[in-house]
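Structure record follows, encoded as structure tokens.
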């Protein structure tokens, strides 16, 4: 991960990658990719017919009927968001915090980005009143807000937005004439799908929402870049679809042929893929719950993780102890925890939070480091947290947090 400024802690331009699942590649997926290794034909810009049909089936099964002419594929969600931002024009609104890759693409195009606070109970979706206030303030200052990017299943907060709160935010956005991009990369990683209601904004506001799904969320390894976007029906959606294809064409943003075949296979969701996704989600839910308990027991603050392979932790309550380690801001905390934990710990400043806030995103995949055989064992074990290498990793994580709690107690001013 590149530092922004080696001398000081200036503006963040580079974000961390999506959290990896820490597991070996599904053999059936590897087989599809290997069989396509000799393919020399280029995948069309926007995706070939087979990949687009597979994407339509994926959304049909989730209650979002889709036609191939409303779908675009690209080598990763960042390329899609860049193309959408360029096609829509205007200023961009995002939640605070938000996925680390959202804002840089707007800034690359010279578009202002405005962060809007999220409710206390979840991330990914801005507070509706704060959204209205921000839009009106930006317009009063001569700005032109047109695009709101949000996520019902969030990175970095690992939460799922309550339907009622999502509905209020969508009403506010529609009333202000905004187009919405719903990043649904993590929708298939909800930890308790039978207890958690996840709705796509496209179900509530079908004429104004473009859905973007990076397949690295649940279906493909993070090193196989592929993502799909679903556009609204109607003239406005058709025009946006065409402009996005123009941008992708100018960029030469094609999904690699072998990856496209693997992506198409994964999106049809055959039994090996669905079984692996289910097992992976179950494993990471347990890891996230254990990491959450370790952090909260030590006095840190975090929202209970509901989706994804990550946890967002606020170590502000432990600031007194951290100051003894020369940790004064999120970049210091990132460097300190990465060294102590032996795993990436990107600071909250990479997700739009203030540099002075002591927040980090921890990825549960890093707790599975080991041989392919050891990592595969975690998927089949009835007690994966007791597998030796996982138990060691969790014990180390807890010990680091406990030491920070003890340091904070020693440094606190006596009352």
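In table form, for the structure just shown:
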{"item": "Failed condition for residue 259, given (1) part of a helix (DSSP H, G or I); (2) assigned by TED's automatic domain parsing to the domain that holds residue 59; (3) surrounded by fewer than 19 Cβ atoms within 10 Å (Cβ to Cβ); (4) in contact with a helix residue (DSSP H, G or I) (Cβ under 8 Å, 6 or more places away or on another chain)", "result": "(3)"}
{"item": "Enumerated helices (runs of 4 or more DSSP H) restricted to the stretch 268-344, each holding at least 3 residues that are without any contact (Cβ under 8 Å) to a residue 60 or more places away in the chain and over 23 Å from residue 162 (Cβ atoms)", "result": "271-297, 330-341"}
{"item": "Selection within the stretch 353-388 - out of contact with any strand residue (DSSP E or B) (no Cβ under 7 Å at 6 or more places or on another chain), in a helix (DSSP H, G or I) and surrounded by 16 or more Cβ atoms within 10 Å (Cβ to Cβ)", "result": "365, 366, 367, 368, 375, 377, 378, 379, 384, 385"}
{"item": "All positions within the stretch 171-201 that are touching a strand residue (DSSP E or B) at 6+ places or on another chain (Cβ under 7 Å) and part of a helix (DSSP H, G or I)", "result": "173, 187, 189, 201"}
{"item": "Residue identified as more than 20 Å from the chain's Cα centre (by Cα) and assigned to a loop (DSSP other than H, G, I, E, B) among 238, 207, 246", "result": "207"}
{"item": "Test: residue in the stretch 135-153 that is within 16 Å of the chain's Cα centre (by Cα), in a loop (DSSP other than H, G, I, E, B), free of Cβ contacts under 8 Å to residues at least 40 places away in the same chain and assigned by TED's automatic domain parsing to the domain that holds residue 240", "result": "no"}
{"item": "Top-ranked residue of the stretch 116-126 - restricted to ones that are buried (at least 20 other Cβ atoms within 10 Å of the Cβ) and closer than 19 Å to residue 143 by Cβ, ranked as farthest from the chain's Cα centre (by Cα)", "result": "116"}
{"item": "Close pairs from the stretch 347-376: first without any contact (Cβ under 8 Å) to a residue 60 or more places away in the chain and on the phi > 0 side of the Ramachandran plot, partner surrounded by fewer than 21 Cβ atoms within 10 Å (Cβ to Cβ) and in a helix (DSSP H, G or I), Cβ under 8 Å, at least 6 apart", "result": "370/389"}
{"item": "Condition check for residue 64: over 17 Å from residue 173 (Cβ atoms), assigned by TED's automatic domain parsing to the domain that holds residue 166 and crowded, with 24+ Cβ neighbours inside 10 Å", "result": "no"}
{"item": "Test: residue in the stretch 402-414 that is within 25 Å of the chain's Cα centre (by Cα), assigned to a helix (DSSP H, G or I) and surrounded by 13 or more Cβ atoms within 10 Å (Cβ to Cβ)", "result": "no"}
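The values are calculated or read from the model by the stated rules, or taken from the named source; none is laboratory data. The shown structure was predicted, so the numbers you read here are calculated from the model rather than taken from an experiment. FYI the Cβ positions are ideal-geometry reconstructions off the backbone, even for glycines, and counts take in every protein chain you see.
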